[in-house]
Each structure stands twice: as structure tokens, then as C-alpha cells.
Amino acid sequence: MSIKNRNIALVYIYGILTLGIYFIYWEISTKNEINDEFKTDIPTGWLLIIPIANIYWLYRYTEAFVTKVKGEDDTALWFIIFWLAFIIMPWIVQSELNKLADDPDLLQTRKQGRRKNDRICPNCGRVIPLESNFCPYCNKKFESYL
């Protein structure tokens, strides 16, 4: 299953028209897409309807979204944002997924665990920061791109 480009306005319209049921369907669909594309292990969507367990589910969803889809390291901050401002969560998540659906190169970069400012060492093939003058893994020295 690949990442689908969805109209964000329709996500909200369907969610309102179905009294929130579509939001649950959307969360499970995006969970499956993230799990399939990035080999994450967000738990089953059944946890969404179980009190307290849904908090754990949201944390795991947020963790996969932030680390894999966005390529960042601040899971706790995003979890608080998603928890307190849950109405904007679909907009944030779907806009990031739409970027990946529209740009296969960006998707491939994120799958490799790279960020925009990373590059691949030509000697060992590991991901290193763009500003590095040598590879911290194999100590190959090369000129900086900066």
C-alpha cells in the first residue's frame, strides 16, 4: 500500500458528516500507510476505542509520524500538540503525507532515515550530516558542500 494523496478539506467534511467515524477510519488508513511504507509498528486501530489505551495508541502514532514521516526527533512535543489540539492533527498529518505522495524522491529520502541536510558517505554509504568534513563511521575525509 502506498501513501495516498487526500484532500484535507474532504477529510474534515467527511469527519463532521459522519460524526467522527471517518476520523477513526482516516487514522487507521494513515496508520496502515505509515506502517507499510516505513516498516513501523503502530498498534492496531482497535485501541482507538478503548479508553486509556487510545492515549498509548496516539503516542505510538505520533512517534512514527514524527520520526519517520517528518524526520524529526521531538515526539513528546508533537504528542502534546496532537493531544491538546487534536482537531488540527488530520491537517498536519495529511499535509505531510501529501508531500510524500507527491514527491517520490522525498519519500525515498525519508525511508532511508535521512533529512534534507544529510548526505550519504561515498565510502561506507551511511547517512551523515551535510556539514561534515569526514565520515564519523569510516573516517573518510572529503570536502564540505558548504
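The values are calculated or read from the model by the stated rules, or taken from the named source; none is laboratory data. Every value quoted in this text rests on a predicted model; they were computed, and no experiment measured them. No Cβ is skipped: glycine too gets one built from the backbone with ideal geometry, and neighbour counts run over all protein chains shown. The accessibility values were calculated without ligands, DNA or RNA, using every heavy atom of the protein model including side chains. Shrake-Rupley method; radii C 1.70, N 1.55, O 1.52, S 1.80 Å.
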task: Extending each Cα 7 Å along its Cβ direction at Gln108 and Asp74, get the distance between those two points in nm, one decimal.
output: 3.0
field: Sites Glu63 and Phe142 - FRET efficiency at Förster radius 35 Å, r taken between beta-carbons, to 0.05
entry: 0.55
query: Taking a probe of 1.4 angstrom, what is the accessible area of Arg126 in Å², to the nearest 10?
result: 120
field: With all protein chains modelled, accessible area of Val66 [1.4 Å, Å²]
entry: 0
- line: For the range 19-146, the percent of accessible surface on carbon and sulfur atoms (probe 1.4 angstrom, ligands and nucleic acids excluded) is 58
- prompt: In Å², what does the accessible area per residue of the chain work out to with a 1.4 Å probe?
  reply: 61
- request: Would you mind working out the magnitude of the charge dipole of the chain relative to its Cα centre, with +1 at each Lys and Arg C-beta and -1 at each Asp and Glu C-beta, to the nearest 20 Debye?
  value: 300
- prompt: For the range 35-68 and the range 76-108, what is the separation of their C-alpha centers, rounded to whole Å?
  reply: 13
message: Can you pull out the GluC sites (Glu not before Pro) in the range 18-87 whose DSSP state is coil and whose Cβ has at most 15 other Cβ atoms within 10 Å?
response: Glu72
message: At 7 Å along Cα-to-Cβ for each site, give me the label-to-label distance between Trp46 and Ser132 in nm.
response: 4.3
query: With all protein chains present and a 1.4 Å probe, how do Leu130, Leu58 order by accessible area, largest first?
result: Leu130, Leu58
